[in-house]
1. With Cβ to Cβ distances under 12 Å as the rule, what net charge do the other residues near I139 carry (K, R +1; D, E -1)?
2. Cross-link list K14/K137; K64/K140; K85/K140; K60/K235; K37/K159; K42/K183: which exceed 27 angstrom alpha carbon to alpha carbon?
3. P(r) for the stretch 155-266, please, calculated from all Cα pair distances in 10 Å bins and given in %.
4. Using a Förster distance of 25 angstrom, determine the FRET efficiency expected from the C-beta separation of E209 and K231, and round it to 0.05.
5. Count the net charge of all other residues whose Cβ sits under 10 Å from the Cβ of D20, scoring Lys and Arg as +1 and Asp and Glu as -1.
6. Do any GluC sites (Glu not before Pro) in the stretch 1-91 lie in a DSSP loop with no more than 12 other beta carbon atoms within 10 Å, and if so, which?
7. Sorting check: for 232-242, 158-168, which peptide has the highest mean count of neighbouring beta carbons within 10 Å, and how do the rest follow?
8. Distances longer than 22 Å among the Cα atoms of the stretch 7-147: what percent of all pairs is that?
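Rule-based calculations on the coordinates, nothing more; no lab input. These numbers were taken from a predicted model, which means no experiment stands behind them. Glycine also receives a Cβ, built like all others from the backbone with ideal geometry; neighbour counts cover every protein chain displayed.
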Amino acid sequence: MLRYENINDISDGKLYIQDDLVNCDTEGCKGCSKCCKSDMGKSIVLTPYDMYQLCKGTGKNFDKLLVDMFIELSMIDGIILPNMKMDEGCKFLENGRCSIHAYRPGICRLFPLGRIYEKDGFRYFLQTSECVAENPKPIKVQDWINIEELDKNTAFINKWHRFIKFEQKKVKEIQEMATNLSKRVIEMSDKDLEDYVTIVGDSDIYSPENPKAYREEKSKTILENAQQEVKDVMKTVIAFFYLDEYDMDKDFYLQLDERMKKCLKRLRTGA
Ligand code: SF4
Ligand code: SF4
């Protein structure tokens with residue numbers, strides 16, 4: 001996910017919706033494959049829809065795409081998500097053309113457009129310094145993206161964005177709570193520590209002669225447990241939305257809604 005300090009610095013200053021005309025039609029890029037050859041880092045982050053399409057188009061599942069190094073898992077904005085592996089250019093680029101053009105990820109479809117999220121959903125913007133095409137022609141945003149069921153896809157992108165925010169918030173809360181608790185254990189008075197030991201049932205491992213040892217061990221355990229909890233949250237999300245194979249004969253969006261309901265329940269209640 002790319003981040004911009006000031007969108008006006010990298011765009012034409014306008015925000016677009018799907019019916020708007022925007023000057024981004026590169027007319028098939030005319031043999032240029034700069035974007036696909038560059039080391040774009042982790043910028044092509046894959047949504048569950050991208051994964052569904054990639055699996056459908058290549059006949060490979062998530063594991064196979066990982067093992068064959070077409071994709072990788074990376075820490076992106078505090079959580080683990082899959083992205084196209086781009087350090088030596090994209091492996092789907094063959095003879096200067098995208099070999100999965102019909103199934104390419106959403107970010108590839110968009111470029112040189114980007115998305116900016118607002119309270120009521122996202123808008124598109126045009127990145128003006130990224131594409132080398134001379135005088136790209138005007139085209140309707142929806143024709144440039146050229147994706148089936150754009151309205152459903154737009155609703156999904158907004159929903160997925162909100163879900164990612166929820167996951168990031170959950171991870172942050174776990175980390176902050178653990179940091180605060182571990183700090184409190186280190187800093188509380190010996191008297192308060194004795195009360196704490198009783199409340200959490202640690203009397204068998206606490207020695208009043210050496211509270212420092214207990215403080216250090218407990219603080220370390222709190223942070224380790226939080227780290228494990230964070231890993232479990234991320235593993236749950238990857239399993240629900242990427243690892244568990246989709247039924248290619250069924251509607252993606254219905255499957256997504258079902259998974260999201262179950263995943264949210266798991267993350268909120270553990271059930
Ligand atoms: S998937 Fe296709 S369009 Fe996207 S980076 Fe790879 S080769 Fe380029
Ligand atoms: S730089 Fe522009 S013309 Fe070249 S591959 Fe990227 S989008 Fe196409």
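1. Spelling it out: positives minus negatives among the neighbours equals -3.
2. Working: K14/K137 16 Å; K64/K140 36 Å; K85/K140 30 Å; K60/K235 21 Å; K37/K159 31 Å; K42/K183 34 Å.
Among K14/K137; K64/K140; K85/K140; K60/K235; K37/K159; K42/K183, the Cα-Cα distance tops 27 Å for K64/K140; K85/K140; K37/K159; K42/K183.
3. 12, 33, 20, 17, 12, 5, 1
4. The formula returns an efficiency of 0.10 here.
5. Value of the local net charge: +2.
6. Details: sites: E5, E27, E72, E88; in loops: E5, E27, E88.
When the GluC sites (Glu not before Pro) of the stretch 1-91 are filtered for loop state and at most 12 Cβ neighbours within 10 Å, E5, E27, E88 remain.
7. Result, highest mean first: 232-242, 158-168.
8. Working: 4027 of 9870 pairs.
So the portion of pairs separated by more than 22 Å is 41 percent.
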